[in-house]
Amino acid sequence: MLPFRTRLAPSPTGFLHLGNARTFLVNWWMARAAGGTVVLRIEDLDRSRVKEGFVERQIEDLRWLGLDWDEGPLLQSTRLDRYAAAFERLRALGLAYPCVCSRREIRAAAGAPHAEDEGPTYPGTCRGRFPDEAAARETRGGAPAWRFVTPDDEFRFDDRVRGEVRARPARSGGDFVLRTVDGIWSYQLAVAVDDAETGITEVVRGDDLVPSTPRQLALLRALELPAPRYAHLPLVLDGAGARLAKRRGDTELATLRERGVDPEEVVAFLARHSGVDDAGARLAAAAGVGRFSLDRLPRSPVSLRSLPWSA
Ligand code: GLU
């Protein structure tokens, strides 16, 4: 059997919701059915957004759902030297440059850029502008950010849900941030390095991250690191059709847990919305292994109009 290593990658910046739960369950069902390895990775690089105690809370939520993992939790905050090393390689290759453009725009790069956060294409203002970091530092009056010289190539990958995806990141988004002015390694850099260095073969995540994939592929190619396979899942939306992000009690795992909702009801509900027709009213996460199939996963977003437990 081919090695199959996947990761559950929560960011401890908010409550885990049903959308996260669906991604983690699908990941876990695929890994367990393949006899694979599950790595729990905590994406905690953006210190200003990480909330106190959330790593523990999210781990409790995952266990409550019935999930487990074989490696981790691996905290990205313990791997800063690895991101620095990759950054130095890019810099030595002439593929990173200092940037003094607006702080707000650059700050936004630290978190995973879910669809609606996708900003305008960076026009390349600082590419080739400064002979060295000191010159950029002087112009800005402080540490510059660093951007990646994004190649003007089309990147393609075979998504296990969406089929062939082609994108030209240099034309949509442009040179993206590797390190913010606050010295935070960007989501793109950290994820590319972690996936490759921890031997991840399968990335299963929400399809609002599709635009990140060609960027991560560009980094992997530049760093001569192997690329995983990708499966981007249609999003779980709230009743009004918006991505689940804001606080809404009946979609948050911690709230359901505190209210005494049976986790097997939650798993069954998510399984039914993931193409497991015979999930019944209650399903243990482990009982979904072998019943879930990516081929039957609905290709359109899941809309949470009525939740069985919010009567
Ligand atoms: N930590 C990211 C999130 O919670 C996931 C990133 C990924 O799967 O690449 O949105």
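The values are calculated or read from the model by the stated rules, or taken from the named source; none is laboratory data. For clarity, every value in this text was computed on a predicted model and none was experimentally measured. Every residue, glycine among them, receives a Cβ derived from its backbone with ideal geometry; neighbour counts consider all protein chains shown.
Of note:
- Subset tally (residues that are over 23 Å from Ala190 (Cβ atoms), surrounded by fewer than 16 Cβ atoms within 10 Å (Cβ to Cβ) and more than 25 Å from the chain's Cα centre (by Cα)) for the stretch 137-161: 4
- Scanning the stretch 228-239 for residues that are within 13 Å of the ligand (Cβ to nearest atom) and in a loop (DSSP other than H, G, I, E, B) gives Pro228, Leu235.
- In the stretch 1-11, the qualifying residues are those that are more than 9 Å from the ligand (Cβ to nearest atom) and not in a strand (DSSP E or B), and the one that is nearest to Phe269 (Cα to Cα) is Phe4.
- Among the conditions (1) surrounded by 22 or more Cβ atoms within 10 Å (Cβ to Cβ); (2) away from the ligand (no atom under 16 Å from the Cβ); (3) polar (S, T, N, Q), the only one that Thr255 does not satisfy is (1).
- Within the stretch 175-219, the set of residues being among the small types (Gly, Ala, Ser), within 14 Å of the ligand (Cβ to nearest atom) and under 25 Å from Pro144 (Cα atoms) comprises Ser186, Ala190, Ala192, Ser212.
- Strands (runs of 3 or more DSSP E) (entirely within the stretch 146-195) containing at least 2 residues that are at pLDDT 95 or above and of a type in the set (Phe, Trp, Tyr): 155-159
- Top-ranked residue of the stretch 223-247 - restricted to ones that are at pLDDT below 95 and among the basic types (Lys, Arg), ranked as surrounded by the most Cβ atoms within 10 Å (Cβ to Cβ): Arg243
- Lone unmet requirement of (1) at positive phi; (2) within 19 Å of the chain's Cα centre (by Cα) for Phe176: (1)
- Scanning the stretch 40-62 for residues that are under 30 Å from Ser293 (Cβ atoms) and in contact with a helix residue (DSSP H, G or I) (Cβ under 9 Å, 6 or more places away or on another chain) yields a total of 8.
- Output for the stretch 101-136, where each listed residue is at pLDDT 95 or above and buried (at least 17 other Cβ atoms within 10 Å of the Cβ): Cys126, Phe130, Ala136
- Those residues of the stretch 33-52 which are outside any loop (DSSP other than H, G, I, E, B), crowded, with 21+ Cβ neighbours inside 10 Å and in contact (Cβ under 8 Å) with a residue 40 or more places away in the chain, in sequence order: Val39, Arg41
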